[in-house]
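J.: This is the structure I have questions about; it appears just below.
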Amino acid sequence: MAASGTGAGSAAQDVPKAKRVKPNVHGAAAEFVGTMVIALATSMIGGNGTPSWLNYAAPFVVGFLYLGLTAAFAHVSGGYFNPALLLVAKAFKRITPVDMVLFLVAQIAGAFVGVAIGAELVDVSLFNTVGYG
């Protein structure tokens, strides 16, 4: 009988396991939803091209929207909702490279979905909004 702690099993226990990086999927979902809501609101405010009093209030609307979404999602993802803020967070080492890529993909996808929904709600062709029509 082999004594505990000796033999072939102990050598494998001494070797540290490779550190696996677990991606923050809940944070990516929060970044997707937050960016989608901001893109949706921004595209609906000035999406139809007609002057309105809401066009003058747009910075305040988007600012308060950022404030509310950051308060709601900061504990999940950090509430970046902007690739520039994401790069700053990576520069200060607040997020991992895996989370940065995951959040960036979620933000880009959320922006496209938000603008597409906004273009349909405002009844403007997406290509006219972008300038191809």
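J.: Take the Cβ-Cβ distance between T96 and V61 as r, set R0 to 25 Å, and report the resulting FRET efficiency rounded to the nearest 0.05. Before the final figure, lay out the partial values.
T.: Numbers: r = 33 Å, r/R0 = 1.32.
Efficiency, from the Cβ-Cβ distance: 0.15.
J.: Express in Å², to the nearest 10, the accessible area of H75 obtained by rolling a 1.4 Å probe over the protein heavy atoms while all chains stay in place.
T.: 150 Å²
J.: Heavy atoms of the protein only, probe of 1.4 Å, neighbouring chains included. What is the accessible area of I117 in Å², nearest 10?
T.: For I117, solvent-accessible area is about 70 Å².
J.: Applying the Karplus parametrisation 6.51 cos²θ - 1.76 cosθ + 1.60 with θ = phi - 60° to the phi angles of segment 32-43, what ³J(HN,Hα) value in whole Hz is obtained for each residue in order, glycine and proline being reported as x?
T.: Each residue's phi maps through the Karplus curve to give 4, 5, x, 5, 5, 5, 5, 5, 5, 5, 5, 6 Hz.
The values are calculated or read from the model by the stated rules, or taken from the named source; none is laboratory data. This structure is a prediction, so every number in the text was calculated from the model and none was measured. So basically every Cβ, Gly included, is an ideal-geometry build from the backbone, and we count neighbours across all protein chains shown. Surface accessibility is based on the protein's heavy atoms, side chains included, excluding ligands, DNA and RNA. Shrake-Rupley method; radii C 1.70, N 1.55, O 1.52, S 1.80 Å.
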